[in-house]
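First the structure, in the form of structure tokens, and then the observations on it.
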Amino acid sequence: GYEVCFRTPDVEPLGWETVLIIPSCNRNHDTCELNVSESTIENCFYKITVTSEKGVISIVDKNEDCELLCPTAEHGAGQFIYRQMKPRFHEDLYDMRGRVVAQDPAWQGYGGKRTVMGRIPEQDWLVHSSNSRVTSIRIGKRGPVVATLELESEVEVNGIVARLTQEVSLYADEPLIRFRNRLRKQETLGKEEGYLGLPLSIANPVVHCEIANAII
């Protein structure tokens, strides 16, 4: 069998397209060369550098001769940031539903009494946060059409462990970088947040967002 990799025409979320593949006798010898190691992945458009601390820390646009990521950023591109929040006055939100949390003269809507049925300001939460660290880097695909680096990362906060598998792909003839992230995390009923770092350093960027059965 063969694995066929190519860019499809524009397809709407949850849409479909039929593509006819015809064998060709003519091979394009001007294909953009792919190079991949455990620290870099590169084609004629981009050079990506990864480290064991933050993952992807550099994306160089060769045509523009510029760095696309902020070199002083706290996070790498695709690095997972996990946060847990607990109320400062009680351990369990579910056991104190409707009880008075604190006397707050500024909370006029509730006569100075703030309860969990209302909004709890951020300063009244205890926040525990940690960033994922790369545990392994391996080469996935070596070309000739696509090259892939696979990064395994892990983060632990108060006994809750999250593991992230990130695939970073470059293509031979496309100015395209693909990040594919798969997250596996222990279940918890506590309030939590998760983020993926993307410290772009691009003037006037344009973001195109498609949502299919998801919330962003």
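The values are calculated or read from the model by the stated rules, or taken from the named source; none is laboratory data. On a predicted model such as this, the values are computed, not experimentally measured, just so you know. With ideal geometry, Cβ positions are generated from the backbone for all residues, glycine too; neighbour counts draw on all protein chains shown. Heads up: the accessible areas ignore ligands, DNA and RNA and are worked out on the full protein's heavy atoms, side chains in. Shrake-Rupley method; radii C 1.70, N 1.55, O 1.52, S 1.80 Å.
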May I ask you to verify whether residue 132 is open to solvent by 30 Å² or more (accessible area, probe 1.4 Å), polar (S, T, N, Q) and at pLDDT 60 or above?
no
Return the residue satisfying two criteria in turn: it lies in the range 149-179 and is closer than 22 Å to residue 44 by Cα and part of a loop (DSSP other than H, G, I, E, B), and of such residues it is least open to solvent (accessible area, probe 1.4 Å).
172
Looking only at the range 180-216, which residues are assigned to a loop (DSSP other than H, G, I, E, B), free of Cβ contacts under 8 Å to residues at least 24 places away in the same chain and open to solvent by 70 Å² or more (accessible area, probe 1.4 Å)?
187, 203, 204, 205, 206, 207, 208, 209, 215, 216
Scanning the range 18-42 for residues that are among the acidic types (Asp, Glu) and open to solvent by 100 Å² or more (accessible area, probe 1.4 Å), the one modelled with the lowest pLDDT turns out to be 30
